[in-house]
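What follows is a short report on a single structure.
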Amino acid sequence: MHELFEAMRRHATACGDRPAFDDGTTRLAYAALAGRVAGAAEELDAVTPAPRVIGLLGGNTVDWIVGLLAGWYAGASVVPLPAFFRVSQLRHVVQDAGIAHLLTTSDMVGTARLLGVPFAPIADRQASFRPPVGAEGAQIIYTSGSTGHPKGVLLQGAQMQWSAKAIAGAIAARADDAYLSVLPLPLLLETICAVMIPLLVGAPVRLEPRFAAGFEPAAGLTVADVAAAHRPTCMVLVPELLAQWVAQLTKAGARAPDRLRFVAVGGAAVPGALAQQAWDLGIPVHEGYGLSECGSVVALNRPGERKPGTVGKPLAGLDVRIDEGEIVVRGPSVMDRYLRGAPARGLWRTGDAGEIDADGFLAVRGRLDNILVTPTGRNINPEWIESLLLADSRIAYCMVTHVEGPHLAAILVPKAQHEHWFEHASADEISALIADCSREAPGYATPRHFAVVPASELVRFGLLTGNGRLRRKPMLEAYATLLKSRGGAPAAVAQGERGA
């Protein structure tokens, strides 16, 4: 992290009154930010014994960013504890990572008391800032994953810094950018894009704490609202938030702010129709692909160099190849290892299926281990069919699976404003919707069974991962009985069963 902290020193000295971070309550310019980071690091240095692994608990606030930077400044490994994790998951992370000390924002003190380790509020005092010369800080990233059992990814400061510099170069990040953060900061991608890249170039960041808790805005708040209010140049979204923004602009007959120059969308496949709608409304969507084990971003569509249907070209300096259909990454951003796992040695087999075209653009075809094999011997990638279904503006989430018999099934989660349609639609109407969306697919890949479940159940039963994806195995366990055909009649579930 030495280069990151040297950039902070440079900005604090040359343009100390330039805005750095603003969460709507607290605002820090670059000089004040540097002083607060140094002050919070001194508080950590005073803890006995000195903690080498520090937990960081809180929402998207300036204080959270100060705590993160203070941990790195002190040479510790920082473990962000996502506020959207359940307490049982947080306790697992605390034990698994060996967290000895916890920093918390004021709004999360109650949760901190439940985790069984010493904790302290993030210090609010100034000290002299000098770029550290000792050991670099590190990050241990936990995601809830497809099984819900968090696993720690260990990245050294140099690996994260390499990713931040490579992404900054790919998007031509600059000091006159204005970044808007609406995703949870504990996500590695948001840590890099909302903290590290702006610090490297000296750009301001507006945080929206009301928006980032679990990917859903506070009541009455929309993506269109915050984008119009803050007029950013850059931001990162997941596909569901992009779809919400498109729907909001379309309903209002409005367009995105004209200052926008780059909106990265990742975490799941972006339906081609949705991406085109976004561009038509002035949202410059650039699809990307990555995973925490590879420093968050592997490939990215760049400004002026975008190919629809792909996730762009690999970052400069990464060697990305396809080995028997699997995406394999080699390079300086690949993680050290999983905690207590074998060293990765700069090479990571992603488990994702992909192709690289003649121009060097990567297309991701889904998880290899998600391939469905029907009793008729057909191999089907469910994520392909899901991307077709998600192109319909009424569907927020979907999962295509196989339960029994020769046909596929789909679990459909309507968007809030379209739940009424699904509640009153006949089985034939919903089946027609599925067939229409799947018209590009062969007949054997078109789902014949379905269950419709409300989005509230995804939250209630913990069926979403930390980055907003459906947890496939728990989803199937929860709704398998709704999808099983009766007597082999493909339409039986559609006619007789619906999620409650």
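Quick note: the coordinates plus some simple rules give every number you see, no bench work behind them. Just so it is clear, the model here is predicted, and its values are computed rather than measured. Because the Cβ atoms are built from the backbone with ideal geometry, glycine has one as well, and the counts that use them run over all protein chains shown.
Say each of THR376 and ARG340 gets a label point 7 Å from the Cα, pointing the same way as Cα to Cβ; how far apart are those two points in nm?
According to this spin-label approximation, the distance is 4.6 nm.
Hey, can you grab everything whose amide H is under 5 Å from the amide H of GLY152? Only 5+ residues off in sequence or another chain; H modelled, so Pro and N-termini drop out.
Sorted by chain and number, the residues that satisfy this are LEU339.
Going by how many other beta carbons lie within 10 Å of each one, how would you line up GLU43, GLU6, fewest first?
In order of increasing Cβ crowding within 10 Å: GLU6, GLU43.
Only counting other Cβ atoms within 10 Å, I'd like LEU90, LEU315 sorted with the fewest neighbours first.
In order of increasing Cβ crowding within 10 Å: LEU90, LEU315.
Could you give the length gained on full extension between ALA435 and ASP357, defined as 0.36 nm per residue of separation minus the Cα-Cα distance, in nm?
Full-extension gain reported as 25.1 nm.
Kindly identify the range 275-334 as rounded, prolate or oblate by the Cα gyration tensor criterion: order the square roots of the eigenvalues as a ≥ b ≥ c, call it rounded if a/c is under 1.5, otherwise compare a/b with b/c, prolate if a/b is larger, else oblate. Intermediate values should be presented prior to the final figure.
Values: a/c = 2.56, a/b = 2.06, b/c = 1.24.
Prolate, because a/c is 1.5 or more and a/b exceeds b/c.
Specify whether the C-alpha gyration tensor of the range 371-496 places it in the rounded, prolate or oblate class, a ≥ b ≥ c being the square roots of the eigenvalues: rounded for a/c under 1.5, otherwise prolate if a/b is larger than b/c and oblate if not.
Since a/c stays below 1.5, the shape of the range 371-496 is classed as rounded.
Output wanted: per-residue J couplings in Hz (rounded whole) for the range 300-306, from phi through Karplus 6.51 cos²θ - 1.76 cosθ + 1.60, θ = phi - 60°, x for Gly and Pro.
7, 6, 9, x, x, 9, 10
Summing -39500 (n - 2.57) over the DSSP H runs of n ≥ 4 in the chain and dividing by its residue number, what mean residue ellipticity at 222 nm do you reach, to the nearest 500 deg cm²/dmol?
Calculated mean residue ellipticity at 222 nm is -9000 deg cm²/dmol.
Based on the Cβ-Cβ distance from ARG460 to GLU404, what FRET efficiency comes out when R0 is 25 Å, to the nearest 0.05?
Efficiency for this residue pair is about 0.40.
Give me THR61, THR233, THR25 sorted ascending by neighbouring Cβ count inside 10 Å, so fewest comes first.
Ranked by crowding around the Cβ, least crowded first: THR25, THR233, THR61.
Can you tell which of LEU221, VAL320, GLN161 lies farthest toward the positive end of the dipole of the range 2-365, using +1 and -1 charges on the Cβ of basic and acidic side chains (Lys, Arg; Asp, Glu)?
Most positive-ward Cα: GLN161.
Label-point separation (nm) for ARG27 and LEU347, each offset 7 Å from Cα along Cα-to-Cβ?
5.2
Taking amide H positions as placed in the peptide plane 1.01 Å from N, state which residues far from ARG302 in sequence (5 or more) or on other chains have amide H under 5 Å from it.
Long-range HN contacts for ARG302: LYS313.
Read through the labelled values [x] 177; [y] 145; [z] 273 and report the label of the one computed as volume of the Cα convex hull per residue in Å³ from the structure.
For volume of the Cα convex hull per residue in Å³, the calculated option is [y].
So how many Lys-Lys pairs in the chain land under 17 Å Cα to Cα, not counting same-chain pairs under 8 apart?
4
For the range 40-190, give me the percentage of DSSP beta bridges that are antiparallel, rounded to the nearest 5 percent.
Percentage antiparallel, nearest 5: 30.
Which loop-located trypsin sites (Lys or Arg not before Pro) does the range 329-359 contain, where loop means any DSSP state but H, G, I, E or B and the Cβ has at most 13 other Cβ atoms within 10 Å?
Qualifying residues, ordered by number: ARG340, ARG345.
By how many nm would the segment from ALA158 to VAL133 lengthen if fully extended, with 0.36 nm per residue of separation less the alpha-carbon distance?
Gain in length upon complete extension: 7.7 nm.
Kindly provide the GluC sites (Glu not before Pro) of the range 264-329 that DSSP labels as loop, not H, G, I, E or B, and whose Cβ sees at most 11 other Cβ atoms within 10 Å.
Taking the range 264-329 and a limit of 11 other Cβ atoms within 10 Å, the loop GluC sites (Glu not before Pro) found are GLU324.
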